[in-house]
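Below you'll find the structure, written out as structure tokens, and then a few comments.
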Amino acid sequence: AQSVTQPDIHITVSEGASLELRCNYSYGATPYLFWYVQSPGQGLQLLLKYFSGDTLVQGIKGFEAEFKRSQSSFNLRKPSVHWSDAAEYFCAVGPFSGGYNKLIFGAGTRLAVHP
Amino acid sequence: GAGVSQSPSNKVTEKGKDVELRCDPISGHTALYWYRQSLGQGLEFLIYFQGNSAPDKSGLPSDRFSAERTGGSVSTLTIQRTQQEDSAVYLCASSPTGTGGEQYFGPGTRLTVT
């Protein structure tokens, strides 16, 4: 069965520190992979996506993620965290079949940033 | 430009009542999705529309849930005889065709069943 695991429910980092959020997936073929961010009371905003090609993808707000097929992982990174990055982060996987993408989400990682 | 909008933003209803949740997708987006976000279950896919048809309804949790889309635009998710376990945030997303499935999400409707 398709699934996404985000092992860290909650992470706290200091402002200016580096960040890595983990995501592992279970999927039968090469998936389409996404990272979304959700601020309190807001919908989901797409940070970045991987479909094919270069396994290191750049996103908005200085985030990047690396697809590692051998590890079934798609970890999100940022070299220097800002206080405004405090939010909940969701990794998602899905096929893209017949023109649509039924996303399967991980449970999310809540990021807190200390000043 | 305008993003996905949803209404109401909050809805409190009594157990057993019917509710309707509305989604206005981004203009020109042919694909529309409903998801549910709850504490116990995380983010779950409910239903997908392409135009006015719903090729995938596999995520609807029971026959109390239904959805329609008219004019290839606005969608309504209806929950009949609401139960407390229906309490959740209902998120709508839309996507243009041919973009590899990138979805744009609305702010959600928080439904509380008392």
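Rounded to the nearest 0.05, the FRET efficiency derived from the C-beta distance between B:Lys15 and B:Glu68 at R0 = 25 Å is 0.55. Take every pair of alpha-carbon atoms less than 8 Å apart whose residues are at least six positions apart; their mean separation over the length of chain A yields a relative contact order of 37 percent.
Seen through its C-alpha gyration tensor, with square-root eigenvalues sorted a ≥ b ≥ c, chain A comes out prolate because a/c lies at 1.5 or above while a/b is bigger than b/c. Counting charges near B:Val113 (Lys, Arg +1; Asp, Glu -1) among other residues having Cβ under 12 Å from its Cβ returns a value of +2. Each of A:Gln2 and A:Leu56 was given a label point 7 Å from its Cα along the Cα-to-Cβ line. The distance between the two points is 2.9 nm. Taking loop as defined by DSSP and a crowding limit of 14 other beta carbons within 10 Å, which trypsin sites (Lys or Arg not before Pro) in region B:65-114 fit? Of the trypsin sites (Lys or Arg not before Pro), the ones in loops of region B:65-114 whose Cβ has at most 14 other Cβ atoms within 10 Å are B:Arg81. Straight-line cross-link reach from B:Lys11 at under 19 Å between alpha-carbon atoms covers these aspartates and glutamates, not counting any fewer than eight positions away in the same chain: B:Glu20, B:Asp24, B:Glu85, B:Asp86.
Within region A:1-43, which residues have the backbone N less than 19 Å from the label spot 7 Å out from A:Ala112 along Cα→beta-carbon, could you tell me? Inside the label zone: A:7-22, A:38-41. Solvent-accessible surface of region B:1-47, averaged per residue with a 1.4 angstrom probe and all protein chains in place: 52 square angstrom. Between the beta carbons of A:Ile11 and B:Ser27, assuming R0 = 35 Å, the FRET efficiency works out to 0.40 to the nearest 0.05. For A:Lys49, a cut-off of 20 angstrom between C-alpha atoms picks up these lysines, skipping any fewer than 8 places away in its own chain: A:Lys61, A:Lys68, A:Lys78, A:Lys102.
The values are calculated or read from the model by the stated rules, or taken from the named source; none is laboratory data. Owing to the predicted nature of the structure, the values given are computational and were not obtained by experimental measurement. Cβ atoms come from the backbone with ideal geometry, glycine included; neighbour counts cover every protein chain shown. Remember, those area values only see protein heavy atoms, side chains included, never the ligands or the DNA or RNA. Shrake-Rupley method; radii C 1.70, N 1.55, O 1.52, S 1.80 Å.
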